[in-house]
Amino acid sequence: MTNAEFEIDRDEREQIEALVLGNAAAFADKACDAFNHDCIELGARLPLRVRRRLHRMRVSGEAHLLIRGLPTRQHVPETPAQKRDSCQAPIYYQLMSALFSAQMGFMYRFSSKRGHAMVEDVFPISSDKGKQIGSNSIQLDWHVEDAFHKARADYVSLLCLRSDPAARTLLAAARAIVEELSEETRMQLQRRDYTFHSDETFLSGQEFRRTSYIIEPSQDPEFLFDPSFTVANSKAAERALIALAKRIECCHQSIALQTGDLLIFDNRRVAHSRTEYQPRHDGSDRWLVRSLMVESTWKLKDSVSGTDPLTVA
């Protein structure tokens, strides 16, 4: 097991299961801010070793953490065929995921994103199979979540309810990649010469874009990468983007998420992808639940809708 993996032991598994089972019913249909508050409070009762490991990830700047062995004895129904406005996963798994996510930051949602909730489903949808969105089944291109938006996530969590060994999650850390780039390419990627556009998960008429760098000029750089929805604003910018894409293909990690795995990664430091796979659309397909988190609500202050501080317009 690597330093980026953390195995839940038997006693911890029993504690987590009892904690979630004892509180799941009370968490159904909670408002966004109340849901976060209660998850933070209840998360303080997670096993001490677990909380310390999550805290270590936050303070040390680790790119990702894979937590294995979470309790999965509760029934998982057939994988849905279509998304709804609310998560379809059993509340038991929604709450378990949320307790861990709340240790990393504030969960939030986009009101302009289709079916987006604090805890949302990720599964293959037949009509999306060829699109560059998470419900496809072709190779999901490298990206960071919502690169075009200033309220993009600091952390992303993925809890696996039902696995598919062919669907491998790929992670590429900016720090390791930058070390392998030529100085010319690195300097170009640090220029604000790229325009990022919103993807197809956002509602019609809700189009966003921003111009920025790809890699921040820093020893521990922020990484903005989403070539499927990025326009290079010069020939030099285009050449550098191509060089970066080639480097990522040679310098990344591959993870086959198993049932009971929870993957947390830093969306500022890591780009991610997923390999192509062949869903059957018969209720037995891969099913994850996902949350987006920010370390501070200050990041959302100019983007929230109405009076809800955790819903971005």
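Every read-out reported here was derived from the displayed coordinates using simple, explicitly stated rules and does not represent laboratory data. Because the structure is predicted, anything quoted here is derived from the model rather than measured. Methodologically, a virtual Cβ is constructed for each residue, glycine included, from the backbone with ideal geometry; neighbour enumeration extends over all protein chains shown.
Here are some notes:
- Fully extended contour minus Cα-Cα distance, from His55 to Lys150, at 0.36 nm per residue: 31.7 nm
- Seen from Gly22, the other residues with C-beta closer than 14 Å to its C-beta sum to a net charge of -3, counting Lys and Arg as +1 and Asp and Glu as -1.
- Ellipsoid fit via the Cα gyration tensor, segment 119-245: semi-axes of 27, 18, 14 Å, each the root of five times an eigenvalue, largest first.
- All other residues whose Cβ lies under 11 angstrom from that of Ile214 are scored, Lys and Arg at +1 and Asp and Glu at -1, for a net of -1.
- Efficiency of FRET between Ile133 and Glu14 - r from beta-carbon atoms, R0 35 angstrom, step 0.05: 0.40
- Taking the inverse of the mean 1/r over every pair of distinct Cα atoms in segment 1-50 gives a Kirkwood hydrodynamic radius of 12.4 Å.
- Lys/Arg +1, Asp/Glu -1 at C-beta; the chain dipole; positive extreme among Leu19, Pro165, Gln132: Gln132
- GluC sites (Glu not before Pro) lying in DSSP loop within segment 185-237, provided at most 16 other Cβ fall within 10 Å: Glu200, Glu207
- Diffusion coefficient, µm² s⁻¹, Stokes-Einstein with Kirkwood Rh over alpha-carbon pairs of segment 224-283 at 37 °C and 0.692 mPa s: 226 µm²/s
- The angle separating the long axis of helix 48-60 from the principal Cα axis of greatest extent in the chain is about 10 degrees.
- Cα convex hull, segment 48-207: 160 Å³ per residue, rounded to a whole number.
- Computed over the alpha-carbon atoms, segment 1-103 gives an Rg to Rh ratio of 0.97, Rh here being the Kirkwood radius from the mean inverse distance.
- Dimensionless Rg/Rh of the chain - Kirkwood Rh, Rg from C-alpha atoms: 0.95
- Under Karplus coefficients 6.51, -1.76 and 1.60, residue-wise ³J(HN,Hα) of segment 61-78 in Hz, glycine/proline x: x, 4, 6, 7, 9, 10, 9, 10, x, 5, x, 10, 6, 6, 4, 10, x, 4
- Close amide H partners of Phe6, meaning residues 5 or more places away or on another chain with modelled amide H under 5 Å apart, are Leu66, Ile67, Arg68.
- Segment 42-84 - Rg over Rh from alpha carbon coordinates, Kirkwood radius: 1.13
- Placing unit charges on the Cβ atoms only, positive for Lys and Arg and negative for Asp and Glu, gives segment 36-112 a dipole magnitude near 360 debye about its Cα centre.
- Computed over the alpha-carbon pairs of segment 170-313, the distance histogram in 5 Å steps reads 2, 8, 14, 17, 19, 16, 13, 8, 3, 1 percent, short to long.
- The 3J(HN,Hα) values that the Karplus relation (6.51, -1.76, 1.60; θ = phi - 60°) gives for segment 149-154 are, in residue order, 10, 5, 9, 5, 5, 7 Hz. Gly and Pro appear as x.
- Subtracting the Cα-Cα distance of Ser182 and Asp33 from 0.36 nm times their residue separation leaves 49.1 nm of extension gain.
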